[in-house]
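Structure, as structure tokens:
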Amino acid sequence: MIGKLLATTAFLLGTCMAGTAFAQEPIVLKFASAFPPQSKTNAISVPAFIKAIEEASEGTLKVEHYPGGTLGPNPTTQLKLVEDGVVDIAEVVASYTPGRFRELEMFETPFVFESTLEASLTAWTLYQKGLLSGFDNLELVGIAEVGPYYVHTSKEVAKAEDLAGIKLRAGGAVQGAVVGGIGGVAVGGMPAPQIAENISRGVIGGALMDMGNLYNFRIADAAHYHVVNVPLGNVAVLFPMNKAKYDSLPEKAKAALDKVRGEWFTTVLAENLDLQNEETLAKLKADDKHHIVEFSEDEVKGLSEKLSSIKSSWDTGDGDANLYQQMIAARDAVRASK
């Protein structure tokens, strides 16, 4: 009888211990990106996020990072991977889903933002206020409003009129309007990884792109003229999470994610991208095959006036109904806080 009692006790203890061990297994989140592992985002910012969230979760969360398209190489389908639950978080270029994140297109307005950080924190403010649509089945972990974007061409450009007729890759309708406004011919439907090849083949003569990604996408191998004093808007790169996955997290894990997501992760993303922009510009200046171009003050003013109508879709109504003015007010608050 005693032996049977001891055996039963041992079985129950073992079951309890096994249950405790099982309960302590961390929840794994898959974080995917179709973009290169060596980018500042994948090499520095995402690892910093992973370290911070795993420490904050005290063992309840583990994040597995899959850069370089490991879980899906097409940058235009990353959002679908999140929505289908194939991955939990992904790096998503908003303009690859036309019309989905309508308000974020405002950030592509030229001559508004001076840095990725300024634009990104502005976007996060609008998200917190509930002014950004398209997130019904998503939770936003962070956002990088990458830019400003500038013109980069394979042919010599010295003044504004030299842009006339050049075919330039445009990543969406707003950029298409920007290209038309500066005298170029917009070419759409071309994901960023295809830009360099199409410049080399003569399909396009250049592209709108932020400084930092010129080397990530090898655009610098094909485009050697860079107009650096005409800021042509910022482009939203989102880091959305599947909402069902977020809602399923236990409270401790959710609290850890909430501590790291948002302003903290957005700031890390943006600061590293701005650093990448600075490093790239320095690298271009040090390379004799690259030409840094600055248009005259009058030319810049003229282009600004030509492009001023682009904001008209959002700069309507009064007070809170005017989304563009809400964006400008949020931007000014960000500037004042820095």
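Values in this text are rule-based calculations from the coordinates and carry no lab data. Only a predicted model underlies this, so the values are computations on that prediction, with no experimental measurement involved. No Cβ is skipped: glycine too gets one built from the backbone with ideal geometry, and neighbour counts run over all protein chains shown.
Any idea what the dipole of the stretch 273-327 comes to, in debye rounded to 20, about its Cα centre with Lys/Arg Cβ at +1 and Asp/Glu Cβ at -1?
With only Lys, Arg, Asp and Glu charged at Cβ, the dipole is about 180 debye.
List residues of the stretch 69-84, by number, whose backbone nitrogen lies under 11 Å from a label position 7 Å along Cα→C-beta of ASP136.
none
Over 25 Å between Cα atoms: which of LYS80/LYS245; LYS62/LYS283; LYS62/LYS338; LYS80/LYS306; LYS80/LYS252; LYS155/LYS301 fall into that group?
Numbers: LYS80/LYS245 14 Å; LYS62/LYS283 36 Å; LYS62/LYS338 33 Å; LYS80/LYS306 37 Å; LYS80/LYS252 28 Å; LYS155/LYS301 23 Å.
Listed pairs above 25 Å: LYS62/LYS283; LYS62/LYS338; LYS80/LYS306; LYS80/LYS252.
Quick check on packing: order 121-129, 156-164, 307-315 by the mean number of other C-beta atoms within 10 Å, highest mean leading. Before the final figure, lay out each step's value.
Details: 121-129: 20.9, 156-164: 15.0, 307-315: 16.8.
The peptides rank, most packed first, as 121-129, 307-315, 156-164.
State the Cα centre-to-centre distance between the stretch 69-120 and the stretch 222-244 in whole Å.
Centre-to-centre (Cα) distance: 10 Å.
Which three semi-axes in whole Å describe the equivalent ellipsoid of the chain, each the square root of 5 times a Cα gyration tensor eigenvalue, listed largest first?
Rounded to whole Å, the semi-axes are 45, 22, 16.
Considering the dipole of the stretch 176-322 built from charges on the beta carbon (Lys and Arg +1, Asp and Glu -1) around the Cα centre, which of PRO250, GLY317, VAL228 is farthest to its positive end?
PRO250
What translational D, rounded to a whole number of µm²/s, comes out for the stretch 120-232 from Stokes-Einstein when the hydrodynamic radius is the Kirkwood one over Cα pairs, at 10 °C and 1.306 mPa s? Could you put the intermediate results ahead of the total?
Details: Rh = 15.1 Å.
After rounding, the answer is 105 µm²/s.
Starting from the Cα of ILE27, move 7 Å in the Cα-to-Cβ direction to define the label point; list residues of the stretch 54-92 whose amide nitrogen is under 13 Å from there.
Correct set: 57-63, 88-89.
Please list, or write none, the aspartates and glutamates whose alpha carbon is within less than 18 Å of the alpha carbon of LYS259, excluding same-chain residues fewer than 8 places away.
GLU54, GLU55, GLU58, ASP88, GLU139, ASP247, GLU251
Quick one: of the DSSP bridges fully inside the chain, what percent are antiparallel, nearest 5?
DSSP beta bridges in the chain are roughly 55 percent antiparallel.
What order do you get for 58-70, 264-276 when each peptide is scored by the mean count of other beta carbon atoms within 10 Å, highest first?
264-276, 58-70
Starting from the stretch 175-246, pick out the trypsin sites (Lys or Arg not before Pro) whose DSSP state is loop and whose Cβ has at most 10 other Cβ atoms within 10 Å.
Filter output for the stretch 175-246: ARG201.
Based on the mean of other beta carbon atoms within 10 Å per residue, what is the order of 181-192, 318-329, most packed first?
Highest to lowest by the protection proxy: 181-192, 318-329.
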